[in-house]
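What follows is one structure encoded as structure tokens, with my remarks underneath.
The values are calculated or read from the model by the stated rules, or taken from the named source; none is laboratory data. This is a predicted model, so every value here is computed, not measured. For neighbour counting, all protein chains shown are included, and Cβ atoms are generated from backbone atoms with ideal geometry for every residue, glycine included. To get the accessible areas, we keep the full protein, side chains included, count just its heavy atoms, and leave off ligands, DNA and RNA. Shrake-Rupley method; radii C 1.70, N 1.55, O 1.52, S 1.80 Å.
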Amino acid sequence: AGDEKIDENLDTNDVRSAIYVTTGAVVPNGFDAVIPIEDTAILHDYNDSSSDVLKMKIVPSKVSSILNETKPWTWIRKIGSDVAAESIVLSKGEKIRPVHLALLAQLGAPLDVLQVKTLPRIGVLSTGNELVDAYESSKLKSNQLGKIPDANRPLLLSQLGAYGNCAPTDLGIVTDDDGIDAISSRLNQILWGNDETEGIDVLVATGGISMGEKDIMERVFVRGMGGKVHFGRMNMKPGKPTTFITIDKDHSRKLVFALPGNPVSASVCCELLVRPCLELLHNGVDI
């Protein structure tokens, strides 16, 4: 606790006098050192109950150390001594952590107008007729022939959330039977947003990107949404079908990572490709 009140009538000419100050309080003029209260004791037998002045002594075990070690400014911090003048306490692009907020507040920086970069918004989408939503227990128990739980969305949403450099959003599942036009229309609305939603910056889709007849996602992104493929096959396993696409509109750009449907492949490619990209976006690189 701090207390700014100072007794102006205190006689500081008596070198044996002391004043009680709480931690964080202003030290009165005439005093230049502090002795911790736990190193002192009240002399109850010598105090006048009608007086506000207490007689105290240094506890015997501390007398030697206090007399020898107490110097001017002992246990006192001068104003501004914590951070040197002209010091850079935070650099542009640095990730704000809890201790930074305390430091900024201590330095008098108004936190309500602190300018920060918004976390990239990233949507996670699964594709495929065979998928059953792992978040819907009733469907998981139905034992439908040819159906499998969608493991990719829970996996990637958790993985991306752990990075701390993005704000993941669950976009659910689209099926191959939805068709190119319907999927394109839905994803365009998700990407660019509307009057009620902000849209997303990066889309991560799993499945539907290989060479099969039902692998329609590249056509969705290119033909249906006007995207440009920057690479569409990778010389690596797992992850060979991984495709990277950009979609431009009104001087704005969205990034699309189309990952394989295999959960291990999707996770590995997310770590190797999506994570570094998100770090760049988070640190202020324009796309």
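Within the span defined as the stretch 263-273, every residue fails to be in a helix (DSSP H, G or I), farther than 14 Å from residue 200 by Cβ, free of Cβ contacts under 8 Å to residues at least 12 places away in the same chain and not aliphatic (A, V, I, L, M). Apart from one condition, residue 112 fits all of (1) modelled with pLDDT of 85 or more; (2) surrounded by 10 or more Cβ atoms within 10 Å (Cβ to Cβ); the exception is (2).
Checking each residue in the stretch 155-174 for being open to solvent by 40 Å² or more (accessible area, probe 1.4 Å) and either more than 23 Å from residue 121 (Cβ to Cβ) or out of contact with any Lys or Arg (no Cβ under 9 Å at 6 or more places or on another chain) (or both) picks out 155, 158, 161, 162. When the stretch 52-83 is limited to residues that are acidic (Asp, Glu) and assigned to a loop (DSSP other than H, G, I, E, B), the one that is surrounded by the most Cβ atoms within 10 Å (Cβ to Cβ) turns out to be 82. Please go through the stretch 130-149 and give me each residue that is of a type outside the set (D, E, K, R) and either at pLDDT below 80 or open to solvent by 90 Å² or more (accessible area, probe 1.4 Å) (or both), ordered by number. Once the filter is applied, which keeps residues that are of a type outside the set (D, E, K, R) and either at pLDDT below 80 or open to solvent by 90 Å² or more (accessible area, probe 1.4 Å) (or both), the stretch 130-149 yields 135, 137, 138, 140, 142, 143, 144, 145, 146. The single condition among (1) loosely packed, with under 13 Cβ neighbours inside 10 Å; (2) in contact with a Gly (Cβ under 9 Å, 6 or more places away or on another chain) that residue 117 does not meet is (1).
Pairs are defined by a Cβ separation below 7 Å, a sequence spacing of at least 6 or placement on different chains, a first member in the stretch 68-97 that is touching a residue at least 60 places away in the same chain (Cβ under 8 Å), and a second member that is part of a loop (DSSP other than H, G, I, E, B); the pairs so defined are 93/283; 93/284. Evaluate the stretch 188-201: report whether one residue or more is under 18 Å from residue 150 (Cβ atoms), modelled with pLDDT under 95 and open to solvent by 60 Å² or more (accessible area, probe 1.4 Å). Looking for residues that are under 18 Å from residue 150 (Cβ atoms), modelled with pLDDT under 95 and open to solvent by 60 Å² or more (accessible area, probe 1.4 Å), one finds none in the stretch 188-201, hence no. As a summary of the residue check, residue 124 satisfies the conditions (1) open to solvent by 30 Å² or more (accessible area, probe 1.4 Å); (2) in a strand (DSSP E or B) except for the one numbered (1). In the condition set (1) surrounded by 11 or more Cβ atoms within 10 Å (Cβ to Cβ); (2) among the small types (Gly, Ala, Ser); (3) at pLDDT below 90, residue 25 is compliant with all but (3).
Conditions (1) in contact with a strand residue (DSSP E or B) (Cβ under 7 Å, 6 or more places away or on another chain); (2) hydrophobic (A, V, I, L, M, F, W, C); (3) over 17 Å from residue 203 (Cβ atoms), marked per residue:
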{"position": "116", "(1), (2), (3)": "no, yes, yes"}
{"position": "120", "(1), (2), (3)": "yes, no, no"}
{"position": "123", "(1), (2), (3)": "yes, no, no"}
{"position": "127", "(1), (2), (3)": "yes, no, no"}
{"position": "133", "(1), (2), (3)": "yes, no, yes"}
{"position": "164", "(1), (2), (3)": "no, no, yes"}
{"position": "167", "(1), (2), (3)": "yes, yes, no"}
{"position": "171", "(1), (2), (3)": "yes, yes, no"}
{"position": "182", "(1), (2), (3)": "no, yes, no"}
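Reported count of residues in the stretch 169-224, each being touching a residue at least 60 places away in the same chain (Cβ under 8 Å) and of a type in the set (S, T, N, Q), is 1.
Cβ-Cβ contacts under 7 Å between residues 6 or more apart (or on different chains), taken from a first residue in the stretch 229-247 that is surrounded by 12 or more Cβ atoms within 10 Å (Cβ to Cβ) to a second residue that is at pLDDT below 90, are listed as 240/233; 240/234; 241/209; 241/210; 241/233; 242/234; 243/209; 243/232.
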